[in-house]
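The values are calculated or read from the model by the stated rules, or taken from the named source; none is laboratory data. Everything quoted here is computed from the prediction, not taken from an experiment. For neighbour counting, all protein chains shown are included, and Cβ atoms are generated from backbone atoms with ideal geometry for every residue, glycine included.
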Amino acid sequence: MSNLRLEELSARTIVAANSLTLRRGQEQFIVPISYSIADAYVDPSTTWARVIVDADQDDKVVGFVRGNFDPNHPKDEFKACVWRVNVDADEQGKGIGTFAVRALLAEARQRGFDRITAIWEYGDLGPGAFFTRCGFTQVGETEYGEAIGELAVA
């Protein structure tokens, strides 16, 4: 794995995050990153958004992660959850997404949560296999038929 670190959103990193590409077929499972970036400013008390920077590539932004931490949310699956993990198409398969999930786990631990959740749509090119490889176990479905996965904060 490369020399990765997280950075908060800034003018430079927002532009780079918006330029991340997807592999063919992945776009059907995800809305544009600009939506998540905008959401990060709607309620900064619960939203945790970071870019993933690779120091070995001259601080290139290679990914984006957004979590939500709201202990008072009425739905358990939204109290501490992975809202988005995007890794640039050319950088996928190098451990960057796993780094993002581990960073979100560390943030959840620091905030006192004992688990995080992820919600994904089913499909061959969807993120279900990624979340399973990261250790998530499917524990249910949303009212819209999406999978709900859970991962204990160790």
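Do we have GLY135 as at pLDDT 95 or above and assigned to a loop (DSSP other than H, G, I, E, B) here? For GLY135, the condition - at pLDDT 95 or above and assigned to a loop (DSSP other than H, G, I, E, B) - is met.
Considering the stretch 99-123, and only residues there that are touching a residue at least 40 places away in the same chain (Cβ under 8 Å) and over 19 Å from PHE69 (Cα atoms), the residue that is nearest to the chain's Cα centre (by Cα) turns out to be GLU121. Here is the figure for the stretch 87-140: residues that are out of contact with any Leu (no Cβ under 7 Å at 6 or more places or on another chain), among the charged types (D, E, K, R) and farther than 19 Å from ASN3 by Cα total 7. In summary, LEU125 fulfils each of the numbered conditions (1) closer than 17 Å to GLU8 by Cα; (2) of a type in the set (A, V, I, L, M); (3) at pLDDT below 90 with the single exception of condition (1).
Between ARG111, ARG12, ARG102, ARG84, the distinction of being under 27 Å from GLU146 (Cα atoms) and modelled with pLDDT under 95 belongs to ARG84 only.
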